[in-house]
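Only one structure is covered here, and it is reproduced in the block below.
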Amino acid sequence: MTEQANTLVTQDKPKDDSVYHIDSSPEAVDASSWMTSYSDLFYNEFDDYWEPPISRQGLSDTSRANAYHCSLLRARANYVSARFEGGGGLTRRQLQFYCNNYFTFGDVAFLKIRNGFGVPVRLFPLPSMHLRKRKNGDFALLERDGKQRTYKAKDVIFLAQDDLQQQVYGLPDYLGSLQSSLLNKDATLFRRRYFKNGAHMGFIFYASDPNLSEEDEKKMKETIASSKGVGNFRSMFVNIPNGKEKGIQLIPVGDIATKDEFERIKNITAQDILVGHRVPAGKGGIMPQPGSSFPDPEKVGREYDKDEVIPVCKLIMDEVNNDPEIIHRKHLHLRFNIDIEKTA
């Protein structure tokens, strides 16, 4: 707690006018409109690639917005990679990285590693965060210091989730629930600030003493304004000669008993996030409400595998194994266990 003393000792003639001062700043209702507000893609002529429709940095940052969104992205990648049986010279760790990129950014790519004769010998996953497409179909991998590494279109197997507004990049399927994910984060941060702020949401500094001069009033405003941020609650000493009792009062706005709907917001947004990822509550870590229960987890798991996990496995196999340079090289074919009853 930072301590700062300000002494006000001046005196002036009484005032009759009431003074109101609200310390606030405007807040955009939809500050995250960058997520879906676009009609076409911008081609960066200087760097020679299409800019993604949604900031890759933004998607990466929001992937850690709250516990549910972060863990569900990892869980979906784990469910798919757990069924990987081999192929393409890939390790399970590399396949998991591939799946993490696919679910987080909405698209992902394998690079064909060639031998000295130009023949593909194995596959390697590329980070979607730094991968860009060019007009001629080639790919650019962004590196440090503004450098790029270029790959020919024939060297890359690109898999993208659908976006109805453009067909250059993919978009993750959870975007519809991202606002709820951010609200969940905001509710948690608000609660943290609430406790760090002494379990109140602010205060009204009420002054009715006629002996308070304009100069004193100005100094008080400046002192209150300077107490914002972490480590606030600076002490302030006020001395008004001949002042009245309760001429200055500090009235908290809300306290720890105030019902701020925190729990309700957290529960509702958690449900939205689960729906956005299409993950059953029992598999997403949600605890049942009092008086309710979840279905048999084994039955739920089988249905989830059939409807969500196995289709992604088949999609990856179809994209890779049917590539013109891979289709006749069986050792590079990816193999997943698509048996509903068991996993690898």
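Here are a few things to note about the model shown:
- Being modelled with pLDDT of 70 or more and among the small types (Gly, Ala, Ser) is not true of ALA199.
- Within the stretch 140-157, residues that are free of Cβ contacts under 8 Å to residues at least 24 places away in the same chain and loosely packed, with under 15 Cβ neighbours inside 10 Å reach partners that are among the small types (Gly, Ala, Ser) and not in a helix (DSSP H, G or I) with beta carbons closer than 6 Å, at six or more positions or on different chains, in the pairs THR150/ALA140; ALA153/GLY137.
- Residues of the stretch 49-58 classified as part of a helix (DSSP H, G or I) and either in contact (Cβ under 8 Å) with a residue 40 or more places away in the chain or closer than 19 Å to GLN148 by Cβ (or both), total: 2
- Residue in the stretch 79-98 that is surrounded by the fewest Cβ atoms within 10 Å (Cβ to Cβ), counting only those that are within 20 Å of TYR174 (Cα to Cα) and in contact (Cβ under 8 Å) with a residue 24 or more places away in the chain: PHE97
- Filtered residue count, the stretch 148-172, keeping only those that are of a type in the set (D, E, K, R) and modelled with pLDDT under 95: 2
- Some residue of the stretch 260-278 being among the acidic types (Asp, Glu), modelled with pLDDT under 90, surrounded by fewer than 14 Cβ atoms within 10 Å (Cβ to Cβ) and under 23 Å from the mean Cα position of the chain (by Cα): yes
The values are calculated or read from the model by the stated rules, or taken from the named source; none is laboratory data. As the structure is a computational prediction, the values presented were derived from the model and not from experiment. Note: ideal-geometry Cβ built from the backbone for every residue, glycine included; neighbour counts use all protein chains shown.
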